[in-house]
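Read the figures in this text as sums done on the coordinates, not as results from a lab. Remember, predicted model here, so these are calculated numbers, not experimental data. Cβ sites come from the backbone with ideal geometry, for glycine too, and all protein chains shown count toward neighbours.
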Amino acid sequence: MAFNLPMPGRRFVIGVPYVWLFVFFLLPFLILLYISFVDMGNDISPFKPIWDHETGLLKLKYENYWTIFVAQEEGSRLFQTIYIEAYLRSIWYALATAVLCLLIGYPFSYFIARSKPSVRPALLMMVMLPFWTSFLLRVYAWKGILADQGVINQMLMAVGLISEPIQMLYTDVSLLVGMTYVYLPFMVLPLYANLVKMDFRLLEAAYDLGSTPLKAFWLVTVPLSKAGIIAGFMLVFIPCVGEFVIPSLLGGPENIMIGRVVWDEMFTSNNWPRASALAVVMIGLIVIPLAIYYHYTGDAAEPRH
């Protein structure tokens, strides 16, 4: 027996998610976009009018965006701005973190999906267990592990492998280790959700046709888990681009990512329009490629008549 909601109830159920998205996503972005065109001058508040009542024209300060991309001239050479460097560095670290999470998380997800159904809840709980601990505590724990007098250096010196501490903290390695550790569950969970629904009889059929385990995995398992790979990759890559806490605590002074630059512009320089412009550009760098990708993959997935 089909259950049909009355028209007012149906509109309410459909309208609640749209209201939520508008209030907590679209409205903050519009405020951010508004501030990015404001000319604060020496004022403290960034909420200044951009409409000139006398001329009836908008007073938009496009310099907040131009200064992000315009190269700085020093002598006879042009140097890209610190903002472009921060964007490129953030994208690089986010890509590296997503790849490391994929290489580490795929075997975990595959093992959980192939394990007995009675054991899977316990294995999934172990994956989600770090979420029960504070994010900051987990990052600070890695500081204690990677420090010069930390656990790893103390163990290596105790067994005689090294005579003096190795610099591990405030390096690219410590930054990638911290980001990979924090975001690994975001790769494991969508991969598991995709792999657990896979019909493993397809692998048996591939073996019967003479395929090796490695070839069957590459030609059968990986293509069938494509949706989970893409979902996990995006869940890791997108927040890593704007990550602020981990680079500040584990990264060195040269590892300046765009999240740190936005923080400095907003709270140190009190330049809210510049910080808002940086955030808008960062959102565009993430959302536009995603929209293009899903547009074409959606068209390709539609059945042809």
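Points to keep in mind about this one:
- The mean sequence distance of close C-alpha pairs (under 8 Å, at least 6 residues apart), as a share of the length of region 62-270, puts its relative contact order at 30 percent.
- Simple rule: put +1 on each Lys or Arg Cβ and -1 on each Asp or Glu Cβ in the chain, find the dipole, and look at GLY232, LEU202, VAL245; the Cα lying farthest toward the positive end is LEU202.
- A full extension of the chain between ILE104 and TRP92 corresponds to an added length of 2.5 nm, given 0.36 nm per residue minus the alpha carbon distance.
- At R0 = 45 Å, FRET efficiency that the Cβ-Cβ distance of ASP43 and ILE145 yields, to 0.05: 0.50
- All other residues whose Cβ lies under 14 angstrom from that of LYS197 are scored, Lys and Arg at +1 and Asp and Glu at -1, for a net of +3.
- By the helix-only formula, in which each DSSP H run with n ≥ 4 contributes -39500 (n - 2.57) and the sum is divided by residues, the chain has a 222 nm mean residue ellipticity of -19500 deg cm²/dmol.
- Exposed loop sites were defined as GluC sites (Glu not before Pro) in DSSP loop states (anything but H, G, I, E or B) carrying at most 10 other C-beta atoms within 10 Å; in the chain the longest segment without such a site runs 55-253.
- Of all stretches in the chain that contain no chymotrypsin sites (Phe, Trp or Tyr not before Pro) in a DSSP loop with at most 14 other Cβ atoms within 10 Å, the longest one is 63-199.
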